[in-house]
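The values are calculated or read from the model by the stated rules, or taken from the named source; none is laboratory data. Since the structure is predicted, the reported quantities are computational estimates derived from the model, not experimental observations. With ideal geometry, Cβ positions are generated from the backbone for all residues, glycine too; neighbour counts draw on all protein chains shown. These accessible areas exclude ligands, DNA and RNA; they are computed on the full protein's heavy atoms, side chains included. Shrake-Rupley method; radii C 1.70, N 1.55, O 1.52, S 1.80 Å.
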Amino acid sequence: MPDRRLRDLIENALAELRSGPLLVAHSGGLDSTVLLHGLANSAAARERGLRAVHVDHRLQADSAMWSRHCEALAEQLGVPLETRTVEVARTPGLGLEATARRARYGAIEAMLGEGEILALAHHRDDQAETVLLKLLRGAGPEGLGAMRTLRRLGRGFAWRPLLTLPRATLRNYAERHRLTWIDDPSNADVSLDRNFLRIEILPRITRRWPEAETSISQSAMWARAAADFIDEEAERVLARLQGLDPATLRFREWLALPDALRDPVLRRWLRSIALPEPTQFQVAELVRQLGEAGEDRQPCVRWPGVEVRRYRDLLYALPPLQLPPLDWSGEFNGAMLELPDAGTLRLVALAPDTAPPRLAEPLHVRFRRGGESLRLHGGAHTRELRDLLQEAGVPPWQRNRLPLVFDAGNVLLAVGDLWISEAGAELLAGAGARLEWTPVAFT
């Protein structure tokens, strides 16, 4: 019966699975051995171009022997197997187990083809351990939802067809088919949190509550459903709150969101612009500062790799800014000029298919120092640059990054490609060109 249960589960899961070739992650342990054997004996899996990968972390003295064991089993089953060797470099803040997992997934993700599906052997016991670990770390619905049956991974997908089966079913299958597998000695190390839960805690729980792992898995399913609902709602809300610039968010509406949505919307926003997410403490600090800061203040909350700033009605998310050197200056003849921490400046020809324009006499470029003014092209009066910046709503942290273009007499001709003076317009018209400023791309 356990044998048929596993085979039926695999066949049913394959029938419902999206199209795409299959790649099995094979460590050589019991779980992945059973999964590889089960898929190798499925005509539906074979039709998808079944192959396998083994990752050698070189963390154990016998790792080379483990690789040979995996190769032998794959050859016996007639499944192509590729072995990848990775270096597991210590990462600050991550344990060895997490670092090895990151290296393993990185290697496998790199070899996944477009739409290819990575089959992983996680089972119900693994799911229960994951839920308990997330619970002990204070996770919300997304974390307590634990492992998904199918999720995006690189160019393909990660698929866990065995999540509803207990490990005992896998062991029975392996013994029935006389499979051999590798027991990784690190699995007995109770200094690792997951091993401690599996060896010391879960057996005591299941002795008292025999259906505990089933109940925990059911709770994970409920949490996953709730997390998916919140995520979908967060996506809709973010589309409403995000500014024209993707790196901006309307802060008042964000603050007014229910607690259950405020955090997910913030995280989805940051992920959409490829910036690191905050801790719960940093989210709470952002909420506090936004709630307490007056209209004349510009609160800023930082965490590694991110600054979230408020200006007027918007939140801005960007990497930590380096202030451009105020004493920097450069000559500009129309060719692309690299601006320190502020992008590039160049002349672009007005007429198509003409040579890049150049100026007979070079101009001078520097950053704002205060007190600058110019008479705008078509304007009746000289305007203070300070007033122009404020009226245009240029955020304060961007104002010192605007390249200012001067002639030889130190007369301000242009402020990036935002404003140009009468004299600047005349000069550019004579050159048949326009200014183009490309700021640093923060996202």
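Scanning the range 162-215 for residues that are open to solvent by 60 Å² or more (accessible area, probe 1.4 Å), within 31 Å of the chain's Cα centre (by Cα) and among the polar types (S, T, N, Q) turns up T164, N187, S191.
Applying the criterion of being in contact with a strand residue (DSSP E or B) (Cβ under 6 Å, 6 or more places away or on another chain) and outside any strand (DSSP E or B) to the residues of the range 410-421, the residue that is surrounded by the fewest Cβ atoms within 10 Å (Cβ to Cβ) is D417. Given the structure, is E338 surrounded by fewer than 17 Cβ atoms within 10 Å (Cβ to Cβ), more than 25 Å from P439 (Cα to Cα) and of a type in the set (D, E)? Judged against the criteria, E338 is not a match. Would you check which residues across the range 321-356 are farther than 25 Å from A431 by Cα and either in a strand (DSSP E or B) or without any contact (Cβ under 8 Å) to a residue 12 or more places away in the chain (or both) and list them? Matches in the range 321-356: D327 only. Scanning the range 63-100 for residues that are open to solvent by less than 70 Å² (accessible area, probe 1.4 Å), among the polar types (S, T, N, Q), assigned to a helix (DSSP H, G or I) and modelled with pLDDT of 85 or more yields a single hit, S67. Taking each residue of the range 418-435 that is within 20 Å of L388 (Cα to Cα) and looking for partners that are charged (D, E, K, R) with beta-carbon atoms closer than 6 Å, six or more apart or interchain, yields S421/R375; E422/R375; L435/D417. In summary, R375 fulfils each of the numbered conditions (1) closer than 20 Å to L326 by Cβ; (2) surrounded by fewer than 17 Cβ atoms within 10 Å (Cβ to Cβ) with the single exception of condition (1).
Residue by residue through the range 324-350, note down the ones that are on the phi > 0 side of the Ramachandran plot and of a type in the set (D, E).
Applying the first criterion (on the phi > 0 side of the Ramachandran plot) to the range 324-350 yields 334, 341, 343.
The answer is D341, and nothing else.
This table checks each residue for (1) over 23 Å from P166 (Cβ atoms); (2) touching a strand residue (DSSP E or B) at 6+ places or on another chain (Cβ under 8 Å).
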residue	(1), (2)
N195	no, no
E200	no, no
R207	no, no
S219	no, no
A227	yes, no
A247	yes, yes
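Just for the range 352-396: of the residues that are of a type in the set (V, I, T) and within 26 Å of W328 (Cβ to Cβ), which one is nearest to the chain's Cα centre (by Cα)?
V394
Here the range 384-407 is the region considered, the condition is being closer than 12 Å to L418 by Cβ and open to solvent by 30 Å² or more (accessible area, probe 1.4 Å), and the residue that is modelled with the lowest pLDDT is Q398.
Give me the pairs: first residue in the range 250-278 and in contact (Cβ under 8 Å) with a residue 24 or more places away in the chain and closer than 14 Å to A227 by Cα, second residue of a type in the set (S, T, N, Q) and open to solvent by 40 Å² or more (accessible area, probe 1.4 Å), beta-carbon distance under 8 Å, and six or more apart or on different chains, which are they? Filtered contacts from the range 250-278: D263/Q280.
A count restricted to the range 381-416 and to residues that are among the aromatic types (F, W, Y) and touching a Phe, Trp or Tyr at 6+ places or on another chain (Cβ under 7 Å) stands at 0. When residues in the range 176-230 are screened for being assigned to a helix (DSSP H, G or I), among the β-branched types (V, I, T) and touching a residue at least 12 places away in the same chain (Cβ under 8 Å), 4 of them pass.
Of everything in the range 101-144, what is part of a loop (DSSP other than H, G, I, E, B), within 25 Å of L59 (Cβ to Cβ), under 21 Å from the mean Cα position of the chain (by Cα) and touching a residue at least 40 places away in the same chain (Cβ under 8 Å)? Give them in sequence order. Please lay out each step first, then the result.
Here is the first cut: in the range 101-144, the residues part of a loop (DSSP other than H, G, I, E, B) are 112-116, 120-123, 137-140.
Now drop any that are not within 25 Å of L59 (Cβ to Cβ), which leaves 112, 120-123, 137.
Of the ones still in play, those that are also under 21 Å from the mean Cα position of the chain (by Cα) are 112, 137.
L112 - this is the single residue of the range 101-144 that is part of a loop (DSSP other than H, G, I, E, B), within 25 Å of L59 (Cβ to Cβ), under 21 Å from the mean Cα position of the chain (by Cα) and touching a residue at least 40 places away in the same chain (Cβ under 8 Å).
Only one of the numbered conditions (1) under 30 Å from E361 (Cβ atoms); (2) at pLDDT 90 or above; (3) open to solvent by 40 Å² or more (accessible area, probe 1.4 Å) is not met by F332, and that is (3).
Counting only residues that are open to solvent by 50 Å² or more (accessible area, probe 1.4 Å) and within 24 Å of G305 (Cβ to Cβ), which one in the range 245-267 is modelled with the lowest pLDDT? Break it down into steps so the answer makes sense when it comes.
Step one: list which residues in the range 245-267 are open to solvent by 50 Å² or more (accessible area, probe 1.4 Å), which gives 245-246, 250, 252-253, 256, 258-260.
From the residues that got through so far, the ones that are within 24 Å of G305 (Cβ to Cβ) too are 245-246, 250.
Details: D245: 88, P246: 91, R250: 95.
Among residues in the range 245-267 that are open to solvent by 50 Å² or more (accessible area, probe 1.4 Å) and within 24 Å of G305 (Cβ to Cβ), the one modelled with the lowest pLDDT is D245.
Can you pull out every residue in the range 101-119 that is surrounded by 21 or more Cβ atoms within 10 Å (Cβ to Cβ) and under 24 Å from M221 (Cβ atoms)? Passing the criteria: I117, L118, A119.
Any idea how many residues of the range 273-296 are part of a helix (DSSP H, G or I) and open to solvent by less than 70 Å² (accessible area, probe 1.4 Å)?
If we filter the range 273-296 for residues that are part of a helix (DSSP H, G or I), which is where we start, we get 280-292.
Going one step further and asking which of them are open to solvent by less than 70 Å² (accessible area, probe 1.4 Å), we end up with 282-287, 289-291.
Final tally of qualifying residues: 9.
Of everything in the range 231-244, what is out of contact with any Lys or Arg (no Cβ under 6 Å at 6 or more places or on another chain), open to solvent by less than 40 Å² (accessible area, probe 1.4 Å) and either part of a helix (DSSP H, G or I) or within 30 Å of L197 (Cα to Cα) (or both)? Give them in sequence order. Correct list: V237 only.
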